[in-house]
Amino acid sequence: MVIQKDIQEYIEKHIKLMISQTESYIPFIKIAFPFSKNLADSCFSLIIGNALSVFINQYAIRMKYPTASDFEDFGKITSKYRHQVDKFFK
């Protein structure tokens, strides 16, 4: 991994928090969006979009820019949480 360990840990903690919050909102999500065909995709996209903002901010705090390899690693980190979001909607 290219991403600094502290940035990776910060991102993963943030994603875990967002997933736990999503879990608590599942009843609302299912009622509010009954016609959505894939709520898991929508929720995962929101979580990862939020995590991307945190990822970029962590680099900005250090006055650095993420590289292409950093973004690849970000994708690897986030993809391992996909199954947790999918399980909420099965």
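The values are calculated or read from the model by the stated rules, or taken from the named source; none is laboratory data. Quick caveat: nothing in here was measured; it's all calculated off a predicted structure. Methodologically, a virtual Cβ is constructed for each residue, glycine included, from the backbone with ideal geometry; neighbour enumeration extends over all protein chains shown.
Scanning the range 10-61 for residues that are of a type in the set (Gly, Ala, Ser) and touching a helix residue (DSSP H, G or I) at 6+ places or on another chain (Cβ under 7 Å), we see that the one that is farthest from Phe89 (Cα to Cα) is Ala51. So is Ser53 part of a helix (DSSP H, G or I) and either surrounded by 11 or more Cβ atoms within 10 Å (Cβ to Cβ) or of a type outside the set (D, E, K, R) (or both) or not? Considered against the rule, which asks whether it is part of a helix (DSSP H, G or I) and either surrounded by 11 or more Cβ atoms within 10 Å (Cβ to Cβ) or of a type outside the set (D, E, K, R) (or both), Ser53 comes out as yes. Screening Ser36, Ser42 for residues that are modelled with pLDDT under 95, surrounded by fewer than 16 Cβ atoms within 10 Å (Cβ to Cβ) and in a loop (DSSP other than H, G, I, E, B) leaves exactly one candidate, Ser36. The combined condition, being surrounded by 13 or more Cβ atoms within 10 Å (Cβ to Cβ) and modelled with pLDDT of 95 or more, is not fulfilled by Ile26.
For first residues located in the range 70-88 and in contact (Cβ under 8 Å) with a residue 24 or more places away in the chain and in a helix (DSSP H, G or I), partners that are buried (at least 18 other Cβ atoms within 10 Å of the Cβ) and hydroxyl-bearing (Ser, Thr, Tyr) and lie 6+ apart or on another chain with Cβ distances below 8 Å form the pairs Val85/Thr22; Phe88/Thr22.
Number of residues in the range 56-67 that are in a loop (DSSP other than H, G, I, E, B) and surrounded by 12 or more Cβ atoms within 10 Å (Cβ to Cβ): the value is 3.
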